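Q: One structure coming up, written as structure tokens, with questions to follow.
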Amino acid sequence: MPHPESGVGRPSPETGDADEADETVQLARSGEPGRGRGHRFLLPLATYAVCQLIFLFWWGAFYPGLMNRDSIIYMQHVTTGPWVANHSVLYDSMVLLSLRWTGDLGALTLFQTIAMSAALAYTVAAFRRLGVPGWATAVAAVIVAALPPTGSFIIFIWKDVPFAICACLVVPTTAHLISLRGGPRWQRDRRVTGLIAALFLELLGVCLFRQDGFLVAGVAAVALAALIGRVRIRVTAVAAVAIGLTFLLKIVVYPAVGILPADSSLTYGPAWADIAVAYAKSPSSFSTADKDLLKRVAPLAEWKDSADCYDADSTDYATNLTKRALRQTGPLFSLWLQLLRRH
């Protein structure tokens, strides 16, 4: 047998010991020292189970799920056609799979409850690594799951549900990355690589589940690059790839397989609505050139009157505004980026 001081048979300080030491430090900071390697998973698993039980109540009560006009359009796309990319092709595909495999949409809404429960459980685990007491985050997660707006939303047959879940998952992934920051050689840590890969999938989901999701992903990438520091290049790169892949699908792949293109108002509409809100709040902050650009699309009074911070549709569906904006997409988007930097 090797001598206990010989170092033979001991795990490398750069692999197992480093990871275990890091986990011990994180648990100590949270005030919840572990009782074995599996102990740190008990609270997240318990959180998942409770949240899932709550969501199953909603799922069973409204089986196969709540619907709105958009829900009917998704089913029309994948049954009678034509398939149009005016919502989310990815979500339409999920609707199609659920219909073909089970005959209804219950499997889809059940999957949504599982994903949201997992997101809340992951948040408990990630925040505990930052020193937040696990029990406090777990209680907050259960309260969120128990709120009627949450339960009724999660079992909706609606593309915004997976969009929201992907956006929620970005938060614990970011928290996990921040918890690893500052450790020895943390930038090369295999966990960091895995988390950045997860961040890519989450941002890709944000982009694919909503036509305007690339705007949200872009803003999130800027914030994440500022928060996470030395891995900002990798974070920015995965966001850029997610956005680029989204446009590749919309411009090349979808038309190639016979999916009709969406109206541009669904892609850029929220940006035009932001411009309207900014102009309504502070017309003096717009230069003469900016105002001339707006006038080429619609009268300034129309921009101002259609502004609604809570609903982009009031601007998107203003008389002829969206159609005229098609001819000024580039300049208007540049103006939106300028406004984003100012505010």
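The values are calculated or read from the model by the stated rules, or taken from the named source; none is laboratory data. Fair warning: this is a prediction, and the values are worked out from it, not measured in the lab. Note that each Cβ is placed from the backbone with ideal geometry, even for glycine, and that neighbours are counted across all protein chains shown.
Conditions (1) at pLDDT below 50; (2) assigned to a helix (DSSP H, G or I), marked per residue:
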position	(1), (2)
12	yes, no
51	no, yes
60	no, yes
71	no, yes
76	no, yes
82	no, no
86	no, no
94	no, yes
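Q: Residues of segment 96-132 being hydrophobic (A, V, I, L, M, F, W, C), in contact with a helix residue (DSSP H, G or I) (Cβ under 8 Å, 6 or more places away or on another chain) and not in a helix (DSSP H, G or I), which ones?
A: 105, 130
Q: Can you pull out the residues in segment 67-89 that are in contact with a helix residue (DSSP H, G or I) (Cβ under 8 Å, 6 or more places away or on another chain) and surrounded by fewer than 16 Cβ atoms within 10 Å (Cβ to Cβ)?
A: 79
Q: Looking for something surrounded by fewer than 18 Cβ atoms within 10 Å (Cβ to Cβ) and without any contact (Cβ under 8 Å) to a residue 40 or more places away in the chain - is there at least one such residue anywhere in segment 159-169?
A: no
Q: With the condition kept exactly as written, say whether any residue in segment 269-291 is in contact (Cβ under 8 Å) with a residue 40 or more places away in the chain, outside the structural domain of residue 194 (by TED's automatic domain parsing) and over 26 Å from the mean Cα position of the chain (by Cα).
A: Checked segment 269-291: at least one residue is in contact (Cβ under 8 Å) with a residue 40 or more places away in the chain, outside the structural domain of residue 194 (by TED's automatic domain parsing) and over 26 Å from the mean Cα position of the chain (by Cα).
Matching residues to (1) under 28 Å from residue 84 (Cβ atoms); (2) in contact with a Gly (Cβ under 7 Å, 6 or more places away or on another chain); (3) not aromatic (Phe, Trp, Tyr):
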residue: 144; (1), (2), (3): no, no, yes
residue: 152; (1), (2), (3): yes, no, yes
residue: 159; (1), (2), (3): yes, no, yes
residue: 166; (1), (2), (3): yes, yes, yes
residue: 173; (1), (2), (3): no, no, yes
residue: 182; (1), (2), (3): no, no, yes
residue: 203; (1), (2), (3): yes, no, yes
residue: 214; (1), (2), (3): yes, no, no
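Q: Could you check segment 133-172 and list, in sequence order, the residues that are closer than 20 Å to residue 215 by Cβ, touching a helix residue (DSSP H, G or I) at 6+ places or on another chain (Cβ under 7 Å) and either assigned to a helix (DSSP H, G or I) or aromatic (Phe, Trp, Tyr) (or both)?
A: Answer for segment 133-172, where residues must be closer than 20 Å to residue 215 by Cβ, touching a helix residue (DSSP H, G or I) at 6+ places or on another chain (Cβ under 7 Å) and either assigned to a helix (DSSP H, G or I) or aromatic (Phe, Trp, Tyr) (or both): 158, 161, 162, 163, 165, 166, 167, 168, 169, 170, 171.
Q: Restricting the search to segment 198-215, which residues are surrounded by fewer than 21 Cβ atoms within 10 Å (Cβ to Cβ) and either among the β-branched types (Val, Ile, Thr) or under 25 Å from residue 113 (Cβ atoms) (or both)?
A: Hits for segment 198-215 are 198, 200, 201.
Q: Here's another thing I want to ask about it. Any residue at all in segment 233-251 that's under 27 Å from residue 85 (Cβ atoms), basic (Lys, Arg) and surrounded by fewer than 21 Cβ atoms within 10 Å (Cβ to Cβ)?
A: Yes, some residue in segment 233-251 is under 27 Å from residue 85 (Cβ atoms), basic (Lys, Arg) and surrounded by fewer than 21 Cβ atoms within 10 Å (Cβ to Cβ).
Q: So which pairs qualify, if the first residue must be in segment 114-132 and farther than 17 Å from residue 152 by Cα, the second must be aromatic (Phe, Trp, Tyr), the Cβ gap must be under 6 Å, and the two must be at least 6 apart or on different chains?
A: Short answer, once both residue conditions are applied: 121/48.
Q: From 240, 220, 197, 225, which residue is at pLDDT below 90 and assigned to a helix (DSSP H, G or I)?
A: Going through 240, 220, 197, 225 in turn, the sole match is 225.
Q: Determine, yes or no, whether residue 236 is in contact with an Asp or Glu (Cβ under 8 Å, 6 or more places away or on another chain) and free of Cβ contacts under 8 Å to residues at least 60 places away in the same chain.
A: no
Q: In segment 100-110, is there at least one residue being over 30 Å from residue 192 (Cβ atoms), surrounded by fewer than 18 Cβ atoms within 10 Å (Cβ to Cβ), within 24 Å of the chain's Cα centre (by Cα) and charged (D, E, K, R)?
A: no
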